[in-house]
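The values are calculated or read from the model by the stated rules, or taken from the named source; none is laboratory data. Quantities reported herein were computed from a predicted structural model and do not represent experimental measurements. Cβ sites come from the backbone with ideal geometry, for glycine too, and all protein chains shown count toward neighbours.
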Amino acid sequence: MAELKAEPFAFPLRRDAVALVVIDMQRDFAEEGGFGASLGNDVSRVTRIVPDVKRLIEGFRAAGLPVIHTMECHRPDLSDLPPAKRDRGAPALRIGDDGPMGRILIAGEPGTAILPELAPVDGEIVIEKPGKGAFYATPLGDILKDKGIAQLVFAGVTTEVCVQTTMREANDRGYECLLVEEATESYFPEFKAAAIAMIRAQGAIVGWTARLDAVLEAIADA
Ligand code: TIU
């Protein structure tokens, strides 16, 4: 077991049982004309973390550790899109509508793709998810069980929506979860700060948080 400097206390890293989960680093959340922008958000905040997410992914690859990517998206026939999700609020474009990068948040459309700098390589698992959490209505739980994964390191967007929802789902399923601070972002800086604080409060009630360099050092040494 390697010790990883983290908050609120050291994370007991197990090299034989850890995987990286990169949540929803898709064009739809990072580029103009996508889902995130359609909701009225400043998507440039997401673009700024791409170099740090890339360093994290490359660190896991170099250490020979599993990398899992998720994508929030729906079937072209919208059969996995609850009306309550599609009809909420007054976005510029709704899920399934035609946008400048293809249909918003629909599997296989150009805008739904993972950012090219962070694209999965051969052998990496990609989970398409219709919800905010990556366990709901996906095979993620079975895949992790098959691989003997017990610890999940998290990156991606947005901190308080899909990342935190997935961490909470994972925590309830018994996984030890750690969020890498520079490798996650929100459209709202105060929500990112609050999510980090609430995850590690009360003796790591949801999980740990750590700086990128501490994670990279620990996985390289492990
Ligand atoms: N809107 C927002 O902050 N997030 C999402 O809709 N999905 C994810 O976080 N991936």
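Tell me whether region 33-46 contains one or more residues that are under 23 Å from residue 184 (Cβ atoms), touching a residue at least 12 places away in the same chain (Cβ under 8 Å), basic (Lys, Arg) and in a helix (DSSP H, G or I).
Yes, region 33-46 contains at least one residue that is under 23 Å from residue 184 (Cβ atoms), touching a residue at least 12 places away in the same chain (Cβ under 8 Å), basic (Lys, Arg) and in a helix (DSSP H, G or I).
Is it true that some residue in region 74-93 is assigned to a strand (DSSP E or B), within 14 Å of the ligand (Cβ to nearest atom), out of contact with any His (no Cβ under 9 Å at 6 or more places or on another chain) and touching a residue at least 12 places away in the same chain (Cβ under 8 Å)?
yes
From 148, 99, 123, grab the single residue that is at positive phi and over 19 Å from the mean Cα position of the chain (by Cα).
148
Those residues that are in a loop (DSSP other than H, G, I, E, B) and in contact with a helix residue (DSSP H, G or I) (Cβ under 9 Å, 6 or more places away or on another chain), I need them from region 135-179; list them, please.
135, 136, 148, 149, 150, 158, 173, 175
Name the residue, out of 24, 52, 28, that is at positive phi, at pLDDT 95 or above and buried (at least 16 other Cβ atoms within 10 Å of the Cβ).
One residue alone meets the criteria, 24.
Working only within region 176-204, note down all residues that are of a type in the set (Gly, Ala, Ser), surrounded by fewer than 16 Cβ atoms within 10 Å (Cβ to Cβ) and closer than 20 Å to residue 41 by Cβ.
Passing the criteria: 193, 194.
Take residue 57 and tell me if it is in contact with a Leu (Cβ under 8 Å, 6 or more places away or on another chain) and part of a helix (DSSP H, G or I).
Taking the combined requirement at face value, the residue satisfies it.
Anything in region 23-32 that is part of a helix (DSSP H, G or I) and either more than 10 Å from the ligand (Cβ to nearest atom) or of a type in the set (S, T, N, Q) (or both)? List them, or say none.
27, 30
Take the conditions more than 16 Å from the ligand (Cβ to nearest atom) and buried (at least 23 other Cβ atoms within 10 Å of the Cβ) and apply them to residue 207. Does it pass?
yes
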